[in-house]
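This report concerns only the one structure given below.
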Amino acid sequence: MDKAAEKFIFDAFHDPGRDALLHGKFPGDFLWGVATASYQIEGAWDVDGKGPSVWDSFSHSEGKVYQNQTGDVACDSYNKIERDVEMLKELGVKAYRFSISWSRILPTGTVESFNQAGVDYYNRVLSALEVAGIEPMVTLYHWDLPQALQDIGGWENDMMAVYFSDYADKCFREFGAKIKLWITFNEPLVFTTHGYEIGSHAPGLKHSGYGAYRAGHTLIKAHAQAWHLYDDKYRSRQQGKVSIAFNSDWFEPKTDSEKDKVAAQRAATLSLGWFAHPVLVNGDYPELMKEYVANASRLQGLSTSRLPQFSESEKKTIAGTFDFLGLNHYTTSYVSHKATAHPRVASFMLDCDIELTKDDAWPKAASSWLSIVPWGMRRLLGWIKEHYGDVPIYITENGMSQSGMDIKDELRVKYFKAYINVVLKAHLIDGVNVKGYFAWSLMDNFEWAQGYREKFGIYEVNFEHPERLRTPRESAKAFAEIINNGFKPPEEK
Ligand code: GBE
């Protein structure tokens, strides 16, 4: 670590009260891991009976992904289990977060299409992890819905809650003996808004103003149903935990004005709270969200809100369906108040009456949305504790992108040191119940609409090479060092 960073958490920030580096250690049972997702790494998109997913269809359509790149081969992890597990061992992580491709297990999405070869693949992964002593954390849905289910409306169709819980049932039954940590959905906010409203992610729909809310409504019910299924049928035997992974930026008011402060609170309440409030609090959307969407709907001349309602019995079923909280966090945004009186095109963002911006002074990663603001993560963790109580939290993703192939990824080394040090502060000073941390990502992979140009890996992957050679970056070594020693002062190491 250089001189400046010895003292300050990140050399772009010099507020001694906020940015000083904290020396200290994480608890012995802290769960260190790295994360990936099926479509982003596996490849083998049509191999051994796998059915197509919405991401296969989307990436195969002209003009949807940067340079029309696809996940057809990706990191070829379908054929590289040994090397992937070897990398996990090199890092010294205790856990690996990966996701199951629904259409590998159920090619058409529903149970009559069961595909044993898909089950065999994940059993090979799980056995290799077991031999290596690495604990799996498994996501059931990281955005690759079977295309056959999209053909009947995808998440806008209520039936998806049933199909999802039948799929979850299969996974709990087939793999549950080896899995103690389950995540139902990765980032509901992202796949509903990007997939059903903005259209920049699969299935690419632009159902402005209602698609994301309808998709979100179904997935919340699907999550709750799967959680109860586990609770009723598997928990006593398998002794695992089931939850969901939300994503959230930290929302910092752009100015000191009362309006911007209120707007920043609203941004967190309507984006994180959209999904966190039903699951963690009372089975229903935040009052503020109901109020804002209803009001914007009325201004449009609609007689009912575009936000669907849960019945009383649905609310009872949804409330409390978590055993921990998964949090993906990457960046911070400024929030200013911005009212849109008569929206022509309705959208979630317009419903919020906010504008999001970045500070030019914040260092930037290769992704346009990713500014590096470590102190924002501590504020977000504090906000979560204040609003949702002492829930056990796993940071299920945190990391940054680069555009080139460099192995010496100095900025990422700083990013991880700074963000992880902030997690230590949240834990030691603020008493946030953080149980683990997963870096995104184990290796460069298919970064959705950005294809392979935004590289998040602590291992580089050479996508030109037939073997998809993987090489550790400096950040892989830095991460291993933090896992071993935390932030102990040098003399104590
Ligand atoms: C997560 O999403 C995902 O879980 C993971 O799969 C992904 O690889 C990782 O983070 C890195 O992105 O017009 O460029 O501003 C922004 C993080 C698109 C949340 C990017 C979609 C951040 C949501 C579009 N965002 N992403 S634009």
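The values are calculated or read from the model by the stated rules, or taken from the named source; none is laboratory data. For clarity, every value in this text was computed on a predicted model and none was experimentally measured. Neighbour counts are summed over all protein chains in view; Cβ atoms, including those assigned to glycine, are modelled from backbone coordinates with ideal geometry. To get the accessible areas, we keep the full protein, side chains included, count just its heavy atoms, and leave off ligands, DNA and RNA. Shrake-Rupley method; radii C 1.70, N 1.55, O 1.52, S 1.80 Å.
Descriptive notes on the structure:
- Cβ-based charge dipole, region 27-486, positive-most Cα from Ile41, Val262, Pro188: Val262
- Sulfur and carbon atoms: percent of accessible area, the chain [1.4 Å]: 51
- Shown are His23, His217, His277, whose ranking by accessible area with a 1.4 Å probe and every protein chain present, most to least, is His23, His277, His217.
- Placing dummy labels 7 Å off each Cα toward the beta-carbon, the span from Gln300 to Tyr66 is 3.2 nm.
- Val262-Asp430 FRET efficiency (beta carbon distance; Förster radius 25 Å; 0.05 resolution): 0.60
- Counting only Cα atoms, the size of region 63-156 along its three principal axes is 43, 36, 22 Å, in decreasing order.
- The chain: calculated mean residue ellipticity at 222 nm from DSSP helix runs of at least 4, using -39500 (n - 2.57): -11500 deg cm²/dmol
- Relative to its residue count, region 130-204 spans a Cα convex hull of 105 Å³ per residue.
- Charge tally around Phe164: other residues with Cβ under 14 Å, Lys/Arg +1 each, Asp/Glu -1 each, net -3.
- Basic side chains Lys and Arg get +1 at the Cβ, acidic Asp and Glu get -1 at the Cβ, and with that the dipole of region 331-429 about its Cα centre reaches some 220 debye.
- Considering every alpha-carbon pair of region 341-423, the percent of pairs per 5 Å bin, from zero through the bin containing the longest distance, is 3, 11, 17, 17, 17, 15, 12, 6, 3, 1, 0.
- 14 Å beta-carbon shell around Asp390, net charge (K/R +1, D/E -1): -1
- Whole-number percent relative contact order across region 27-486, with pairs defined as alpha carbons under 8 Å at least 6 apart: 16
- Close amide H pairs (under 5 Å, H built 1.01 Å from N) link Ile183 with Val138, Thr139, Leu140, Ser243, residues at least 5 positions away or on another chain.
- Lys, Arg +1 and Asp, Glu -1 on Cβ, resulting dipole of the chain about Cα centre, debye, nearest 20: 720
- Å² per residue, accessible surface of the chain at 1.4 Å: 38
- DSSP-defined beta bridges in the chain - what % are antiparallel, rounded to 5: 25
- Charge-dipole axis of region 382-493 as Lys and Arg at +1 and Asp and Glu at -1 on Cβ define it, positive-most pick from Asn398, Gly382, Gln450: Gly382
- DSSP H segments from the chain that extend 20 Å or more along their own axis, Cα-based, with Kyte-Doolittle mean of -1.0 or above: 116-132, 160-175, 211-229, 258-276, 374-388, 410-428
- For region 27-486, a Kirkwood radius taken over Cα pairs fed into Stokes-Einstein (4 °C, viscosity 1.567 mPa s) yields D = 58 µm²/s.
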